[in-house]
Amino acid sequence: MSSTLKLAIEGMHCGACVRRVTAALQNVPGVQVEKVEVGSAQVVFNPAEANAEQVTSALERIGFTGRIEK
Ligand code: 9UX
């Protein structure tokens, strides 16, 4: 089973941000990165292993604010 999470991400401005965000999201156990663009990301996660809060916390730790869109 998996859930999709679409996030709007504040503070991203360049391709290096995209790489940083991608790496941070990939490091959350149970999360699979589908797409990262400047200002947004889409991931799927296994609800048995991860939750939305862990995803937004991973972004906070590297200085970005993620808002769940869906
Ligand atoms: Mo680019 Mo992002 O110079 O925090 S890495 S804006």
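Summary table below
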item: Residue selected from the stretch 9-18 under the condition within 16 Å of Ser57 (Cβ to Cβ) and more than 8 Å from the ligand (Cβ to nearest atom), by the criterion least open to solvent (accessible area, probe 1.4 Å); result: Ile9
item: Enumeration of residues in the stretch 24-35 that are surrounded by 13 or more Cβ atoms within 10 Å (Cβ to Cβ) and either among the β-branched types (Val, Ile, Thr) or out of contact with any strand residue (DSSP E or B) (no Cβ under 6 Å at 6 or more places or on another chain) (or both); result: Ala24, Val28, Val31, Val33
item: Exclusive hit being open to solvent by less than 90 Å² (accessible area, probe 1.4 Å) and touching a residue at least 40 places away in the same chain (Cβ under 8 Å), set Val38, Val43, Val21; result: Val21
item: Scope the stretch 39-70; condition touching a helix residue (DSSP H, G or I) at 6+ places or on another chain (Cβ under 9 Å) and not in a loop (DSSP other than H, G, I, E, B); matching residues; result: Ala41, Val43, Phe45, Val55, Ala58, Leu59, Arg61, Thr65, Gly66, Arg67, Ile68
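The values are calculated or read from the model by the stated rules, or taken from the named source; none is laboratory data. Small disclaimer: the values here were computed from a predicted structure and weren't measured. Positions of Cβ are backbone-derived with ideal geometry, glycine not excepted, and every protein chain shown enters the neighbour counts. For accessibility, only protein heavy atoms count, side chains too; no ligands or nucleic acids. Shrake-Rupley method; radii C 1.70, N 1.55, O 1.52, S 1.80 Å.
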